[in-house]
Every structure is written in structure tokens, then in C-alpha cells.
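Engineer: For reference, the structure I am asking about is given below.
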């Protein structure tokens, strides 16, 4: 039995979401967008979304400071969600979290934001993020 079935039950459905943003500024929390321009995916009635992995890539090398990708629930950072940090060493990173740590409830918007401190460069950049997780019916995990 796969690990996700042990934690989430057999009704869990994997779901990957692609986000992007160009020209992320310094000293900001910036929501990323989906291809159509929305800042997230609405969790359908009767389900929860369990974010388990986040993968981030920059089109250019970070030359100063860091850029941190975080999961959001209705625009607010999820306290125990996966995070990934880019810095002057890494142009691609990932972060993982247990599947049942912080599920996002039905009717909420799941998204991704990037956080940059003052002095972050370059601000001419392209950021791509994949958020991976599982949908579960309310009965699978409460």
C-alpha cells in the first residue's frame, strides 16, 4: 500500500498546481498566479487539500538575499505548509511536508506566495512554482 494511502486513505487524489510570476520585487510578499491570472484554486465542497510538496525555480540566478515560496490559504501563509528557499547558491529548490499537517478547507483558495527581503536581487526574474498535494473527502481525515 502506498504511503499516502496509509496517511490519507484510498480516496486521496493527487493534484499538482502550476504558478508563475515575473519581476518579483524586493521587500515584498508577492502572490503567484495561475496561467489564467487567478491567484489560486478554490477547494471544492466536500474536500480538503493537503499540500505536501513545493518546487520552485528561477529563470535567473539570485545575486543577493533569498526568495522563499510558501503555501497560502485565502491569501495567508499556511503555518505548517511546505516551503522552498532560493538563494545565491540554488536556482531550483523543493520542500516537503507530511500530508496531514495542515489541510486547506473546502471553499478556501489555495495559492502560493514568494517572500523577499530588502536587498533581494535581481528583481528582473521569472519564478515558476509547482505545488503538489492531495484532495481528500471530509471523511478521510478530519
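Engineer: Please tell me if residue 70 is in a strand (DSSP E or B) and more than 17 Å from residue 27 (Cα to Cα).
Structural biologist: So residue 70 does not fit the description; no.
Engineer: Among (1) modelled with pLDDT of 95 or more; (2) within 10 Å of the chain's Cα centre (by Cα), there is one condition residue 78 misses while meeting the rest; what is its number?
Structural biologist: Just one mismatch for residue 78, condition (1).
Engineer: Taking the stretch 34-50 as the region of interest, how many residues are closer than 10 Å to residue 111 by Cβ and either more than 15 Å from the chain's Cα centre (by Cα) or without any contact (Cβ under 8 Å) to a residue 40 or more places away in the chain (or both)?
Structural biologist: Residues in the stretch 34-50 being closer than 10 Å to residue 111 by Cβ and either more than 15 Å from the chain's Cα centre (by Cα) or without any contact (Cβ under 8 Å) to a residue 40 or more places away in the chain (or both): 2 in total.
Engineer: Do any strands (runs of 3 or more DSSP E) lying entirely in the stretch 77-142 carry at least 2 residues that are touching a residue at least 60 places away in the same chain (Cβ under 8 Å) and surrounded by 15 or more Cβ atoms within 10 Å (Cβ to Cβ), and which ones are they?
Structural biologist: 109-116, 126-137
Engineer: List the number of the failed condition for residue 5; all other conditions in (1) modelled with pLDDT of 95 or more; (2) surrounded by fewer than 13 Cβ atoms within 10 Å (Cβ to Cβ) hold.
Structural biologist: If we test residue 5 against (1) modelled with pLDDT of 95 or more; (2) surrounded by fewer than 13 Cβ atoms within 10 Å (Cβ to Cβ), just (1) comes out false.
The values are calculated or read from the model by the stated rules, or taken from the named source; none is laboratory data. Being a predicted model, the structure only gives us computed values, none of them experimental. Using ideal geometry, Cβ is built from the backbone for each residue, glycine included, and neighbour counts are taken over all protein chains shown.
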